[in-house]
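Enquirer: Can you read through this structure? Questions will come right after.
What follows draws every value from the coordinates through simple rules; no lab data is involved. Values in this document were obtained by computation on a predicted structure and should not be read as measured data. Methodologically, a virtual Cβ is constructed for each residue, glycine included, from the backbone with ideal geometry; neighbour enumeration extends over all protein chains shown.
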Amino acid sequence: MAGADSYNSKSLAISLAVGRLTLDTPRRNELLSKFLKSRRQGLSQRTLQFYERMLTLVSSVIGLDVKHQDVQRFLDSLNCSNGGKHGYYRCLRCFYRWLYSPRSGYDLSLQDNPMLLVEAPKVEKKILPSLSPEQVDYLIGQADSLRDRAIISVFADSGMRLNELTNIKAGDIDWESYTITIWGKGNKQRKAPFTERSARLLRGLISQNGTGGNIWHLDYRGIETMLKRLKLKTGLPTNAHTFRRTFASNLHRAGLDVEHIMRLGGWESLDMVLRYTQSVKFEDSLRLYRKMEALSSPNPLA
């Protein structure tokens with residue numbers, strides 16, 4: 001896979017020409033090129049590709065003289081869900097936050113950032129699914145190979161992101177502390193825990209062939225394909241984010257404080273941990289509700 005440094009403005013200029021839009025303006029290409037290069041540090045290639053793809057789609061509202069009304073009209077004109085619109089909004093917000101900061105070198109005032117006056121699309125806040133320990137055990141039992149069983153177990157034990165798990169090498173595993181050293185989001189190194197179950201599976205897998213670019217001999221697309229296949233087989237949600245929520249939710253069910261969960265899972269703030277454990281908090285509240293209901297209900301035998 002090409003590294004982030006392989007990005008070049010020529011390929012972006014070609015991609016911006018798609019759709020017969022007037023996107024070959026030197027200044028616009030310059031802005032996009034500088035922004036993408038500014039994002040290289042600490043971001044994965046996948047994230048950089050996301051920015052490049054999204055900026056291609058929103059390039060009609062990229063520039064030094066864009067007003068908030070231009071951005072608002074663009075978002076309102078999109079024929080997609082509010083969730084999709086919010087993706088465009090986030091990308092534009094990130095770009096203009098950079099453009100109107102000293103880092104861009106354009107000497108623009110922060111107060112003139114057009115995104116400050118753009119209304120963010122409202123997104124439905126659904127309760128996100130997670131798996132119970134029994135469901136995790138079931139998925140491991142349904143996996144087709146030792147490698148796939150180890151992937152599911154490590155996902156559930158550690159709460160790793162897909163990119164973090166993909167890049168595990170045998171030398172990253174500390175068998176004394178049962179932790180794996182990984183490079184997390186924002187190019188930050190951290191340790192992720194795993195259990196005895198994962199240890200058994202990992203030892204078996206590595207004993208067969210622990211060399212290569214990673215211990216799985218799969219890239220992230222291969223792991224995603226395996227997870228989709230397992231979802232079709234079991235009917236359970238199996239994407240990487242589901243396992244990350246599962247990690248947080250099951251630790252919370254076991255009584256672990258959210259701050260400990262945040263550190264173990266590599267989150268930088270409690271916001272996402274609280275969102276991931278929302279369903280658990282409701283379950284706790286519902287149990288208390290049922291107890292109160294039972295106490296307040298008249299005894300039919302009295």
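Enquirer: Taking the Cα centre of the chain as origin and charging only Cβ (+1 Lys, Arg; -1 Asp, Glu), how large is the dipole, in debye to the nearest 20?
Expert: 400
Enquirer: Just the Cα atoms of the stretch 23-141, one point each, no solvent: what log10 I(q)/I(0) does Debye give at q = 0.14, 0.16, 0.17, 0.23 Å⁻¹?
Expert: With no solvent term, the Cα-only Debye profile gives -0.66, -0.80, -0.88, -1.41.
Enquirer: Another question about this same structure. Evaluate the Kirkwood expression for the hydrodynamic radius of the chain, namely the inverse of the mean inverse distance over all pairs of different C-alpha atoms, and round to one decimal in Å. Kindly include the intermediate steps, with their values, before the conclusion.
Expert: Working: mean 1/r = 0.0447 Å⁻¹.
This gives a value of 22.4 Å.
Enquirer: How much space per residue, in cubic angstrom, does the convex hull of the C-alpha atoms of the stretch 133-286 take up? Walk me through the numbers before you get to the answer.
Expert: On the way: hull volume 17.2 nm³, N = 154.
Each residue corresponds to 112 Å³ of Cα convex hull volume.
Enquirer: While we're here: Compute from the Cα atoms of the stretch 122-197 the Rg and the Dmax, the latter being the longest Cα-Cα distance, and quote both in angstrom.
Expert: Values for the stretch 122-197 (Cα only, Rg and Dmax): 14.3, 47 Å.
Enquirer: On to the next question. Dividing the convex hull volume of the alpha carbon atoms of the stretch 196-252 by its residue count, what do you get in Å³ per residue?
Expert: Spelled out: Cα convex hull of the stretch 196-252, divided by residues, is 108 Å³.
Enquirer: Express in nm, to one decimal, how much length is gained between C80 and L286 on full extension, taking 0.36 nm for each residue of separation and deducting their alpha carbon distance.
Expert: So the extension gain works out to 70.6 nm.
Enquirer: Residue separation times 0.36 nm, minus the C-alpha to C-alpha distance between Q135 and K188: what's the value? Don't skip to the answer; put the middle values down first.
Expert: Details: separation 53, 0.36 × 53 = 19.08 nm, distance 3.12 nm.
Stretched fully, the Q135-K188 segment lengthens by 16.0 nm.
Enquirer: Tell me the label-point distance for the pair D172, A294, using the 7 Å Cα-to-Cβ offset, in nm and rounded to one decimal.
Expert: The answer from the label model is 4.6 nm.
Enquirer: State the answer as a single residue: which of G266, M115, L256 lies farthest towards the positive end of the charge dipole of the chain, with beta carbon charges of +1 for Lys and Arg and -1 for Asp and Glu, about the Cα centre.
Expert: Going by the Cα projections, it comes out as M115.
Enquirer: Can you compute 3J(HN,Hα) from phi for each residue in the stretch 141-155, using the Karplus curve 6.51 cos²θ - 1.76 cosθ + 1.60 with θ = phi - 60°, rounded to whole Hz and x for Gly and Pro?
Expert: Result, ordered by residue: x, 8, 5, 7, 8, 4, 4, 5, 5, 5, 4, 4, 5, 5, 3 Hz.
Enquirer: Restricting to DSSP H runs of at least four residues, report the calculated mean residue ellipticity at 222 nm for the chain, -39500 (n - 2.57) per run over all residues, nearest 500 deg cm²/dmol.
Expert: Value at 222 nm, helices only: -17000 deg cm²/dmol.
Enquirer: Next question. Taking the simple approach of a point 7 Å from Cα along Cα-to-Cβ for both E224 and R40, what is their distance in nm?
Expert: For the pair E224/R40, the computed spacing is 2.4 nm.
Enquirer: To continue, here is another question. Let me check against my output: what whole-number percent is the relative contact order of the stretch 133-286, with C-alpha pairs under 8 Å and at least 6 apart?
Expert: 25
Enquirer: Still on this structure: Applying the Karplus parametrisation 6.51 cos²θ - 1.76 cosθ + 1.60 with θ = phi - 60° to the phi angles of the stretch 65-74, what ³J(HN,Hα) value in whole Hz is obtained for each residue in order, glycine and proline being reported as x?
Expert: 10, 6, 9, 5, 5, 5, 5, 4, 5, 4
Enquirer: Rounded to the nearest Å, what's the spacing between the alpha carbon centres of the stretch 150-203 and the stretch 233-302? Just the number, please.
Expert: If you average the Cα positions of each part, the centres end up 23 Å apart.
Enquirer: What FRET efficiency, computed as 1/(1 + (r/R0)^6) with R0 = 45 Å and r the Cβ-Cβ distance, is obtained for E124 and H217, rounded to the nearest 0.05?
Expert: 0.70
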